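Colleague: Submitted below is the structure of interest, expressed as structure tokens.
The values are calculated or read from the model by the stated rules, or taken from the named source; none is laboratory data. The model shown is predicted, which means the values in this text are computed figures rather than measured ones. Backbone-built Cβ (ideal geometry, glycine too); neighbour counts: all protein chains shown. Heavy atoms of the whole protein, side chains included, go into the accessibility calculation; ligands, DNA and RNA do not. Shrake-Rupley method; radii C 1.70, N 1.55, O 1.52, S 1.80 Å.
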Amino acid sequence: MLKFFYSFLLLFGAVHSTAARAESVLFLNPGTTEEAFWVSYSQFMQAAATDLGIDLRILYSQRMPELTLAQARVALQGPGRPDYLVFVNEQYVAPQIIRLAEGSGVKLFMVNASLTANQMSLLGERPERLGSLVPNDEEGGYLMLKELIRQHPPVAPGEVIELLAFSGLKITPSAQLREQGMLRALAEHPHVRLRQLVYSGWTRERAYEQAGLLFRRYPKVSLVWSANDEMAFGAMQAYSETGGVPGKDALFSAVNSSPTALQALLDGRLSVLVGGHFTLGGWALVELHDVDQGVDLDHYGGRDRRIPLLQLIDKAQARRLLAMGESPAYGVNFRRLSAKGRPTSYRYPFSLQTLMR
């Protein structure tokens, strides 16, 4: 089994730069090479690395936390260690990676999901841990349901709007937070009734299987909330097979700005789309490059930050993002975002708006 894991280290090592670099970064991508979100995430990171002069390597763990740990062990305890290791606290792997890093000389930075409060209290402050950047997942889940409800036609007094929700993995912080946001919005609208919340593991196939049963069980459902785009597409496929028309007979929402999701929004099959967090890895490289240049992150917003990347995407923005995705450079000048030499009042302008300038 261990040989199998190590073979992945070579098979899925993504982008290697060819020139000498000032600093080296390894990103342990928790997704698969088939997931549009994690592929676009890596592409944006590479655009940042190229502009900043960083030697970036990316390894995919194919949604297997045990493979992430095997990759981390090789990176932190083997030869050719990177200067910085970037990773996600997916399925709560962070404490084990932090312990592996002790005495390695490698600095750690977390993206998307950082340490939980319990993990932080158990681990305490560690010199290896530089900080983290995470998105506004709870707010994203909230905004998505609020907009779904806003778009739904009015109902007569005493009538209810029926809702189905598809979440990711129970042990994934981003899924938990988006779900909490959805429940917060639900509490504000007592005329909306959540018929069932299911966990689809982020996959289209599982959501399709579950939705086929759920739409038969709850034929009056007219709102469908999904914590990512793949699950939304699985639910939409199942709904179409019942004879319903997504975007007309029921309104569907999704998280992620993949080309397929953006096009579905333009086509009207998706009614609500929330996205922008595929940029997190690229923004993290801006901060790491500054750290390497002697910048103290505590002076520029703190080492651990939650940034409002998840926002509602309208059709005009969807067209812009689709066109932008065709260029591997994204048109962003990452060097100009540096805090080096700026007053301590400066805050990194990490947002979807920065991307679209």
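Colleague: At a Cα cut-off below 20 Å, give the lysines reachable from residue 220, other chains included and same-chain residues fewer than 8 away excluded.
Modeller: Cross-link targets: 146, 248.
Colleague: Still on this structure, I have one more. Using the Cα atoms as the points, what is the convex hull volume per residue of segment 208-288 in Å³? Let's see the in-between values first.
Modeller: On the way: hull volume 7.0 nm³, N = 81.
Taking only Cα atoms, segment 208-288 has a hull volume of 87 Å³ per residue.
Colleague: Given the options 334, 318, 153, identify the residue whose Cα lies farthest towards the positive end of the charge dipole of the chain (+1 on Cβ of Lys, Arg; -1 on Cβ of Asp, Glu).
Modeller: The residue sitting farthest along the positive end of the dipole is 153.
Colleague: For residue 58, what residues show an amide H to amide H distance below 5 Å, using hydrogens built from the backbone and excluding near sequence neighbours?
Modeller: Amide H to amide H, under 5 Å and 5 or more residues apart or across chains, residue 58 pairs with 14, 15, 27.
Colleague: Can you tell me the order of 333-344, 117-128, 277-288, 157-168 when each peptide is scored by its average per-residue count of other Cβ atoms within 10 angstrom, highest first?
Modeller: 277-288, 157-168, 333-344, 117-128
Colleague: For the pair residue 205/residue 324, report the inter-label distance in nm, with labels modelled 7 Å from Cα in the Cβ direction.
Modeller: Once both label points are built, they end up 3.3 nm from each other.
Colleague: Given the DSSP H assignment, sum -39500 (n - 2.57) over each helix run of at least 4 residues in the chain and divide by its residue total; what's the result at 222 nm in deg cm²/dmol, nearest 500?
Modeller: Result for the chain: -12500 deg cm²/dmol, rounded to the nearest 500.
Colleague: What is the Cα radius of gyration of segment 110-212 over 2.2 N^0.38 Å, N being its residue count?
Modeller: Taking the Cα Rg and dividing by 2.2 N^0.38 Å, one obtains 1.34.
Colleague: Using modelled amide H (1.01 Å from N, peptide plane; none on Pro or chain starts), what sits under 5 Å from the amide H of residue 161, excluding residues fewer than 5 places away?
Modeller: Hits under the 5 Å cutoff: 192, 193.
Colleague: About the Cα centre of the chain, what is the dipole size in debye to 20, counting +1 per Lys and Arg Cβ and -1 per Asp and Glu Cβ, all else neutral?
Modeller: 200
Colleague: Something else about it: For segment 36-44, just list the computed ³J(HN,Hα) in residue order, Karplus coefficients 6.51, -1.76 and 1.60, θ = phi - 60°, integers in Hz, with x standing in for Gly and Pro.
Modeller: The phi angles translate into 4, 4, 6, 5, 5, 4, 5, 5, 5 Hz.
Colleague: Relative contact order, percent, of segment 214-275 when contacts are C-alpha pairs under 8 Å separated by at least 6 residues? Walk me through the intermediate numbers first.
Modeller: Working: 86 pairs, mean separation 19.8, N = 62.
Over segment 214-275, the number comes to 32 percent.
Colleague: Now for a different question. What list of ³J(HN,Hα) values in whole Hz, one per residue of segment 156-170 in order, does the Karplus curve 6.51 cos²θ - 1.76 cosθ + 1.60 (θ = phi - 60°) give from phi, with Gly and Pro shown as x?
Modeller: 5, x, x, 7, 10, 9, 9, 10, 10, 10, 10, 9, x, 10, 4
Colleague: What three numbers, in Å, describe the spread of the alpha carbons of segment 233-357 along their principal axes, ordered from the longest?
Modeller: Principal-axis extents of the Cα atoms in segment 233-357, largest first: 60, 27, 20 Å.
Colleague: Using only Cα positions of the chain, each an equal point scatterer, no hydration layer, compute I(q)/I(0) via Debye at q = 0.10, 0.11 Å⁻¹ and quote the log10 values to two decimals.
Modeller: -0.62, -0.75
Colleague: Using unit Cβ charges (K, R positive; D, E negative) and no other charged atoms, how large, in debye to the nearest 20, is the dipole of segment 16-150 about its Cα centre?
Modeller: Dipole magnitude for segment 16-150 comes out near 240 debye.
Colleague: Once you place label points 7 Å from the Cα toward the Cβ at residue 197 and residue 183, how far apart are they in nm?
Modeller: My value for the distance between the label points is 0.4 nm.
Colleague: Using a simple charge model, +1 on the beta-carbon of Lys and Arg, -1 on the beta-carbon of Asp and Glu, nothing else, what dipole does segment 241-298 show about its Cα centre, in debye to the nearest 20?
Modeller: Roughly 520 debye for segment 241-298.
Colleague: Further question on the same structure: What percent do you get for the relative contact order of the chain when only Cα pairs under 8 Å and 6+ apart count?
Modeller: Values: 679 pairs, mean separation 59.3, N = 357.
Dividing the mean separation by the residue count of the chain yields 17 percent.
Colleague: If amide hydrogens are placed 1.01 Å from N in the peptide plane, which non-local residues have theirs closer than 5 Å to the one on residue 307?
Modeller: The list, which skips near neighbours in sequence, is 134, 136.
Colleague: In whole Hz and in residue order, list the ³J(HN,Hα) couplings for segment 282-297 that follow from phi through the Karplus curve 6.51 cos²θ - 1.76 cosθ + 1.60, θ = phi - 60°; x for Gly and Pro.
Modeller: Values per residue, Gly and Pro as x: x, 5, 4, 5, 4, 5, 5, 4, 5, 4, 5, 8, x, 6, 8, 4 Hz.
Colleague: On to the next question. Just to confirm, what accessible area per residue do you get for the chain at 1.4 Å probe, in whole Å²?
Modeller: For the chain, the per-residue accessible area is 42 Å².
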